[in-house]
Amino acid sequence: MANAERLSRRTLVEKAVELADAEGLESLTVRRLAQELGVTPMALYWHVKNKDALLACLADHLLTEVTPEFDPAAPWNLRLRAMVEALTRVMRRHRYMPALLSMVDKQELPSFCRATNTALDLLVQAGFTLSEGYFVSTHLLHSAMALVDNEPGHPAELSAEEAAEWRRQRRLCLEQLPTAEFPRIVEYAKTMEQEPDVEDYYAFGLDLLMSGVEAMAAKRTPVGATQSTTE
């Protein structure tokens, strides 16, 4: 149990992560967290006033990983990809992250503002305007959320045998479509016999996102390019 006088914000948020990971965001209340820490709810009010503040604290903590340390001399696209990869990893570990981000005011989170500022700087280096950079960074955020939300496979609570049957039923459903009208869908159904390669799914998805940004950047003049050609 935590000593109320020694309770730190870090101890609080680490326990909040543990509780949310185990039981979901709906279980995360100031009262429940206080119970898990062995203190009174009043002891937590020094750090978080209510559940909204608690959720914001949780989101801010998790998003600190989105701005990793990277070689400042590395190309902008590699550094930006590292951020998107970090964001995806965090959301894969904490599957409630997409929902959490929709419940908090992201602009009030220091870690979110830090990540956004870093992404904007990289995109400006690539030749985007600040407005375009904001569009790109917002698109990357929501695309990463969608990537995690739509991970292929089966419900996590299923056993291996149940998962195989789940895939079989989905395959049969698609195979029953009229072949003459939907030949590619029926053909695709055969691929559902095997468990999907989740890591390949994420690698492909990240390639898809970044290739679009890189293709647009190729049509712009990177910061410093004009100066280097005149030196």
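Tally up the carbon and sulfur contribution to the accessible surface of the range 1-122 as a whole percent, 1.4 Å probe, everything protein left in place. The C+S portion of the solvent-accessible surface of the range 1-122 is 51 percent. Going by accessible surface with a 1.4 Å probe and the largest first, 49, 15, 190, 219 read 219, 49, 190, 15.
Please compute the per residue accessible area over the range 64-140 with all protein chains in place, 1.4 Å probe, rounded to a whole number of Å².
Numbers: 3890 Å² over 77 residues.
In whole numbers, the range 64-140 has 51 Å² accessible per residue.
Considering only 113, 173, 57, the mean-square fluctuation computed in a Gaussian network model of the chain, springs between alpha carbons under 10 angstrom, is largest for 173. The length gained on full extension between residue 27 and residue 214, counted as 0.36 nm times the residue separation minus their Cα-Cα distance, comes to 63.2 nm. Using a Debye calculation, one point per C-alpha and no hydration shell, please list log10 I(q)/I(0) for the range 7-105 at q = 0.14, 0.17, 0.18 Å⁻¹ in order. Debye output, listed in q order: -0.56, -0.75, -0.81.
The Cα-based radius of gyration of the range 34-92, divided by its Kirkwood radius, gives an Rg/Rh of 1.22.
For the chain, what is the relative contact order in percent, using Cα pairs closer than 8 Å and at least 6 residues apart in sequence? Walk me through the numbers before you get to the answer.
Working: 206 pairs, mean separation 39.3, N = 231.
For the chain, the relative contact order is 17 percent.
Using a Gaussian network model of the chain with C-alpha springs under 10 Å, which one of 89, 31, 167 is most mobile by mean-square fluctuation? In the Gaussian network model the winner is 167.
Taking every Cα-Cα distance in the range 128-231 and sorting them into 5 Å bins from zero, the calculated P(r) comes out as 2, 10, 13, 13, 13, 12, 10, 8, 6, 5, 3, 2, 1, 0 percent. Measuring nothing but how far apart in sequence close Cα pairs (under 8 Å, 6+ apart) lie, relative to its length, the range 114-231 scores a relative contact order of 36 percent.
With the alpha-carbon atoms of the range 47-140 aligned to their principal axes, the span from lowest to highest coordinate is 42, 26, 22 Å, starting with the largest.
Taking the chain as a Gaussian network, where each spring joins two C-alpha atoms under 10 Å apart, which residue of 108, 18, 175 fluctuates the most? Highest fluctuation among the options: 175.
Students sometimes get this wrong: rank 100, 209 by accessible area, probe 1.4 Å, all chains present, largest first. Mind dumping the intermediate values first?
Working: 100 0, 209 30 Å².
Final ranking, largest accessible area leading: 209, 100.
Ligands, DNA and RNA excluded, the heavy atoms of residue 162 present near 90 Å² of accessible surface to a 1.4 Å solvent probe. Starting from one equal scatterer on each C-alpha and no solvent at all, send me the Debye-based log10 I(q)/I(0) for the chain at q = 0.08, 0.09, 0.17 Å⁻¹, two decimals. Scattering profile of the chain, log10 relative to I(0): -0.44, -0.54, -1.17. Would you mind calculating the relative contact order of the range 45-171 from Cα pairs under 8 angstrom and at least 6 residues apart, reporting the percent as a whole number? Relative CO of the range 45-171 lands at 26 percent. Note on residue 106: lysines with a C-alpha under 27 Å away, same-chain residues under 8 apart excluded, are 15, 49, 51.
The values are calculated or read from the model by the stated rules, or taken from the named source; none is laboratory data. In this text the structure is predicted, and so the values were computed from the model without any measurement. The accessibility values were calculated without ligands, DNA or RNA, using every heavy atom of the protein model including side chains. Shrake-Rupley method; radii C 1.70, N 1.55, O 1.52, S 1.80 Å.
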